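The structure under discussion appears below in the form of structure tokens.
The values are calculated or read from the model by the stated rules, or taken from the named source; none is laboratory data. This structure is a prediction, so every number in the text was calculated from the model and none was measured. Using ideal geometry, Cβ is built from the backbone for each residue, glycine included, and neighbour counts are taken over all protein chains shown. For the accessible areas, the whole protein counts, side chains as well, though only heavy atoms, and no ligand, DNA or RNA atoms are used. Shrake-Rupley method; radii C 1.70, N 1.55, O 1.52, S 1.80 Å.
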Amino acid sequence: LLLLNLYSMNLFQKECLKLAKRSILEKFWKDSLKDFIPSDKKFLEQRACFITLRKTWNLRWCIWSILAHQELYKDIISNAKSAAFNDPRFSPLTFEEIEKWDMFLDITVLSPLEKINFNSIEELLKYLWKNRSWLVIKLWLRQATFLPSVWKELNNPEDFLIHLVYKAGINPEDFRDNFNKVEISVYDGEEFWEELKIEN
């Protein structure tokens, strides 16, 4: 995980933030995204991303894709808009909040998922102790992942895994008894952020 601020970002990362910011602010400014021309071929790759909005360092909105299903620039646009205005846990972002609060925009661009086969839960836990990977678990039609920051709160792999199992809506006994059917994928990503504010 690369946690980068505005002063150490490369052009690609700055353009990701600019695109997400314009996607949000166009609701208030009616700014057009039609003139966006990707300068990096990564924007045209099938990639997924997390978009998080924080208010004075507290989580306010968050929307993400896990499986890449469209070009990265489209995923940034759709997730930025959804995070700001369609997260069912919160009321939509308002112009007044942007003016009044210290709002921060985080983007995590994900690497492709890599499926790994584990022979037992114990083998998986040993892997997590060593790697602290970002993880997707799937059993039948239920799946879940955590934001990267969850490792800071649940730094014990056993706790991390059991909370992830519960988040997926999977009974822990079912998870253990059907472990040979569980699909496990790991992924990585780079995270960068800047303040979301109105430029004069």
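Key figures for this structure:
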quantity: The stretch 80-107, residues that are open to solvent by less than 10 Å² (accessible area, probe 1.4 Å) and either more than 14 Å from Ile24 (Cα to Cα) or not aliphatic (A, V, I, L, M) (or both); calculated: Asp87
quantity: Tally, over the stretch 56-76, of residues that are part of a strand (DSSP E or B) and either among the polar types (S, T, N, Q) or open to solvent by 40 Å² or more (accessible area, probe 1.4 Å) (or both); calculated: 4
quantity: Selection count, the stretch 127-144, where residues are open to solvent by 70 Å² or more (accessible area, probe 1.4 Å) and in contact with a Phe, Trp or Tyr (Cβ under 9 Å, 6 or more places away or on another chain); calculated: 1
quantity: Residue ID - most open to solvent (accessible area, probe 1.4 Å), chosen from residues in the stretch 108-117 that are in a loop (DSSP other than H, G, I, E, B) and closer than 24 Å to Gln70 by Cα; calculated: Pro112
quantity: Hits in the stretch 18-54 (condition: of a type in the set (D, E, K, R) and either open to solvent by less than 40 Å² (accessible area, probe 1.4 Å) or part of a helix (DSSP H, G or I) (or both)); calculated: Lys18, Lys21, Arg22, Glu26, Lys27, Lys41, Lys42, Arg47, Arg54
quantity: Neighbours by Cβ (under 6 Å, 6+ apart or cross-chain): first from the stretch 68-95, in contact (Cβ under 8 Å) with a residue 12 or more places away in the chain and of a type in the set (D, E, K, R); second open to solvent by 50 Å² or more (accessible area, probe 1.4 Å) and part of a helix (DSSP H, G or I); calculated: Glu71/Leu44
quantity: Any chance Gln13 is modelled with pLDDT of 90 or more and open to solvent by 40 Å² or more (accessible area, probe 1.4 Å); calculated: no
quantity: Scope the stretch 181-200; condition within 16 Å of the chain's Cα centre (by Cα) and either open to solvent by 20 Å² or more (accessible area, probe 1.4 Å) or closer than 30 Å to Ser120 by Cα (or both); matching residues; calculated: Ser185, Val186, Tyr187, Asp188, Gly189, Glu190, Glu191, Trp193, Glu194
quantity: Test: residue in the stretch 150-164 that is within 22 Å of Ser120 (Cβ to Cβ), open to solvent by less than 80 Å² (accessible area, probe 1.4 Å), outside any loop (DSSP other than H, G, I, E, B) and touching a helix residue (DSSP H, G or I) at 6+ places or on another chain (Cβ under 6 Å); calculated: yes
quantity: Index of the failed condition, Leu147 passing every other in (1) out of contact with any Leu (no Cβ under 7 Å at 6 or more places or on another chain); (2) more than 15 Å from Glu190 (Cα to Cα); (3) open to solvent by 30 Å² or more (accessible area, probe 1.4 Å); calculated: (2)
